[in-house]
1. Might you check whether a residue that is among the hydroxyl-bearing types (Ser, Thr, Tyr), at pLDDT 55 or above and part of a loop (DSSP other than H, G, I, E, B) occurs anywhere in segment 71-86?
2. Please determine whether any residue of segment 164-171 is closer than 20 Å to Gly256 by Cβ, small (Gly, Ala, Ser) and assigned to a loop (DSSP other than H, G, I, E, B).
3. Quick one: in segment 175-206, which of the residues that are in a loop (DSSP other than H, G, I, E, B) and among the charged types (D, E, K, R) is modelled with the highest pLDDT?
4. Give me a count of the residues in segment 62-73 that are under 14 Å from Gln189 (Cα atoms) and in contact with a Ser or Thr (Cβ under 8 Å, 6 or more places away or on another chain).
5. Within segment 46-56, can one find any residue that is surrounded by fewer than 20 Cβ atoms within 10 Å (Cβ to Cβ), β-branched (Val, Ile, Thr) and under 22 Å from the mean Cα position of the chain (by Cα)?
6. Taking segment 160-202 as the search range and keeping residues that are touching a residue at least 40 places away in the same chain (Cβ under 8 Å) and of a type in the set (Ser, Thr, Tyr), which one is surrounded by the fewest Cβ atoms within 10 Å (Cβ to Cβ)?
7. Report, by residue number, each residue of segment 250-277 that is farther than 24 Å from Asp186 by Cα and among the aromatic types (Phe, Trp, Tyr).
8. Looking at Tyr103, Tyr145, can you tell me which residue is over 16 Å from the mean Cα position of the chain (by Cα) and at pLDDT below 95?
Amino acid sequence: MGCSLPMDEGATPLKPLLSAQDALADQPPGLLDHPLPWLPACLVLLGLLLLPVLAWALKEDFYIGVASRILIFALAATSLNLILGFGGMVSFGHAAFVGVGAYAVGILMHHGVTSAWLAWPVAVLAGGLFALVIGAISLRTKGVYFIMITLAFAQMLYYLMTSLKTYGGDDGLPLAGRSVLGWGLDLSQDSAFYYLVLALSAGVFLVVQRLLNAPFGHALQAIRENEARMLAIGFAVYRFKLMAFTLAGALAGLAGALLANQGGFVSPSMMHWGQSGLLMVMVILGGVGRLYGGLVGAVVFLVLEEALSAYTIHWQLGLGALLLAVVLLAPNGLLSLWREKARA
């Protein structure tokens, strides 16, 4: 696990760890590495690029908006998977950062700021700052206490936004329109907004993949496996977990900004613990600790929601049965089935 990483004050630098890093540099990918399957990834990306064309050909433009929503939730679920699957931090308040990002866009637009170049970075920064503050406190606890304190912070933000009547309170805050990007791109058109969401999502997935294969990602996963041992050999465990928690909050803030633009509305319900549970279900469906777990989980969940809701108002029953089947038959998520089949 050797790598040149920050250590707690007073810790003794371990030269064997540094030499071990050099020795392992030329070794094949290990358990902590997550190589990107370029051919499948390129095929999926090509399919997503052609999706609007297919929707236009079939005169089903509605599905362009559905695809945008799926990609946004995939981005939010991936941000949760970063701390849940790769960092071992079970946060039940992750939706709060999505809501913070959404409200950052909504409040700025309420005051006349429509530029995406200003509103969206503010949403990312707001999500990261809230995650930094909440994580600095929450990460001093462990286990069920960590789960409960993240839930408590999320509910505090939920009730705060419910009480702010200036910004809609419990009724929410409608947006006058989508953010203005410029460069001749009109985000009010679903196709233009879809391609922007696709570009941002693909960029985030690539950054997360590179991060997980970097020394920081290896250390984070090692902390998930054995925190006591990592602390004993001198790694700044708290610092690594806080950085990951902050980054996940910032990515969730970006997802919130996109979600606000996609729906044209922000509401305190975005911060409710039920939304955090929804993101967690997506991660579990796809695969906790799998690179594409959040993406696959979001696709399966939202596609089934769309399909089942067209036939019955009790669509949650079908999704609940699917989740139960995944937990029983594939406890490591749907992606584990594909990996086991590939090994057979």
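The values are calculated or read from the model by the stated rules, or taken from the named source; none is laboratory data. Since we're looking at a predicted model, the values are computed, not measured. Reconstructed Cβ throughout: ideal geometry from the backbone, glycine too, with neighbour counts over all protein chains shown.
1. no
2. Taking every residue of segment 164-171 in turn, at least one turns out to be closer than 20 Å to Gly256 by Cβ, small (Gly, Ala, Ser) and assigned to a loop (DSSP other than H, G, I, E, B).
3. So the residue we want is Arg178.
4. Selection size over segment 62-73: 1.
5. No: zero hits.
6. The extreme case among them is Tyr167.
7. Trp273, the sole residue that qualifies.
8. Selected residue: Tyr145, the only one of Tyr103, Tyr145 that is over 16 Å from the mean Cα position of the chain (by Cα) and at pLDDT below 95.
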